[in-house]
1. Taking 19 Å as the cut-off for C-alpha to C-alpha distance, list the pairs among A:LYS66/A:LYS246; A:LYS72/A:LYS162; A:LYS162/A:LYS246; A:LYS166/A:LYS249 that go past it.
2. Taking a temperature of 20 °C and a viscosity of 1.002 mPa s, what whole-number D in µm²/s does Stokes-Einstein yield for chain B with Rh from Kirkwood over alpha carbon pairs?
3. So, with +1 on the Cβ of K and R and -1 on the Cβ of D and E, and no other charges, what is the size of the charge dipole of the protein assembly as shown about its Cα centre, to the nearest 20 debye?
4. Calculate one ³J(HN,Hα) per residue across region A:109-126 by plugging θ = phi - 60° into the Karplus curve 6.51 cos²θ - 1.76 cosθ + 1.60, and present them in order as whole Hz with x for glycine and proline.
5. In region A:130-252, how does Rg compare with the Kirkwood Rh, expressed as the Rg/Rh ratio over alpha carbon atoms?
6. Remind me, relative contact order of chain A in percent, using alpha carbon pairs under 8 angstrom and six or more residues apart?
7. Once the whole set of protein chains is in place, how much accessible area is left on A:LEU61, using a 1.4 Å probe, in Å² to the nearest 10?
8. Simple spin-label model, 7 Å along Cα-to-Cβ: A:GLU243 to B:LEU69 in nm?
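The values are calculated or read from the model by the stated rules, or taken from the named source; none is laboratory data. On a predicted model such as this, the values are computed, not experimentally measured, just so you know. Note: ideal-geometry Cβ built from the backbone for every residue, glycine included; neighbour counts use all protein chains shown. We work out accessible area using only protein heavy atoms, side chains counted, and drop any ligands, DNA or RNA first. Shrake-Rupley method; radii C 1.70, N 1.55, O 1.52, S 1.80 Å.
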Amino acid sequence: MKRHLLKPSGLFLAGLILFLSIGAPAPAYGMHIMEGFLPAPWAIFWWLVFIPFFALGLRSLHRITKENPELKLLLALAGAFAFVLSALKMPSVTGSSSHPTGTGLGAILFGPMAMSVLGSLVLLFQALLLAHGGLTTLGANAVSMAVVGPLVAYAVYQLVMKVAGKQKVAIFLAAAVANLTTYLVTSLQLALAFPSATGGFVASFVKFAGIFALTQVPLAISEGLLTVLVWNWLASYGRQELEQLKLIKRGA
Amino acid sequence: MQQKQKAWDNWLLILGVVFLAAMPLILVKNSEFGGADGQAEEAIQEVQPDYKPWFEPVVELPGGEVESLLFAVQAAAGAGVIGYVIGLYRGRGFREVKSKK
């Protein structure tokens, strides 16, 4: 009876490779805000905003691994999920490409702070090895992807669980909304740094959001679906861990 | 029976993602699907034409091929870890079922 449980882990990987081969021909542009494309004062400002969250994230990770060392594997999975998804440059209906963030899953599992560390590790990897994003803009990019995104994911999850109580819907919405929010924050950051000479901040925000937000809608849906997929696997095989994290009630 | 339903759900999720990724390729013609961030860069140049990036990336990749290799490495490493953890949990589940018998 277990045969149909042959879950498509291998096929999932093959699917990812398919995405990559579709998404890869995009020209070498940065993801999020590129190196040097944020004036120095703003770059420093966002670094200063990011650092306290990073410190809280380290503390949160320390606490999780100390209290429940057996959850380290699941933590690795949450990090790996962000790693995979932010490598997927997917084509979108606007004729340009962008990528999911993968931070929603970790935020739901371990709380939003844990993702400030895991998410910024992903960004650091891309900045150092791929010349995507940058070190000067890492603070700003980490605030949008590793801090605000996970916070929103966590809030949406809690809210939907309270209002509707449907866990999969909550997870889908949390991941999707977190993805969209990440790019809205990026638009906000760019608009603050580059207010339009005629329309000011608002005109710039509309311009940047127009580039990111619409592109991001189908990707946000994809991210939601993929997050529910991994959640389903966890619900099948990692029940113990989810119970430990109090995401599934014992005996339910 | 419930598990059969679950497997179905997962396939539908995968199908949904594949559809969302493939649909733009069919719907949007004559596009290279460049990065949205590249467009943002152009927008910056429009708003402030005299803005010059003040810091260079620490690495210069020799070209698109190496870049896609590194992206593939990133995705593969992540997918490998996910597969490992899920596989480990799954094996543990089977062992528990066996030991209960």
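1. Values: A:LYS66/A:LYS246 17 Å; A:LYS72/A:LYS162 28 Å; A:LYS162/A:LYS246 15 Å; A:LYS166/A:LYS249 14 Å.
In this structure, A:LYS72/A:LYS162 lie more than 19 Å apart at Cα.
2. Values: Rh = 19.1 Å.
The Stokes-Einstein estimate is 112 µm²/s.
3. Working: 26 positive and 18 negative charges, 517 e Å.
Dipole about the Cα centre, nearest 20: 2480 debye.
4. Result, rounded to whole Hz: 6, 10, x, x, 5, 4, 6, 4, 7, 4, x, 6, 5, 4, 5, 5, 4, 6.
5. Values: Rg = 17.5 Å, Rh = 16.1 Å.
Across region A:130-252, the Cα-based Rg/Rh ratio is 1.09.
6. On the way: 374 pairs, mean separation 53.5, N = 252.
For chain A, the relative contact order is 21 percent.
7. 30
8. 4.8
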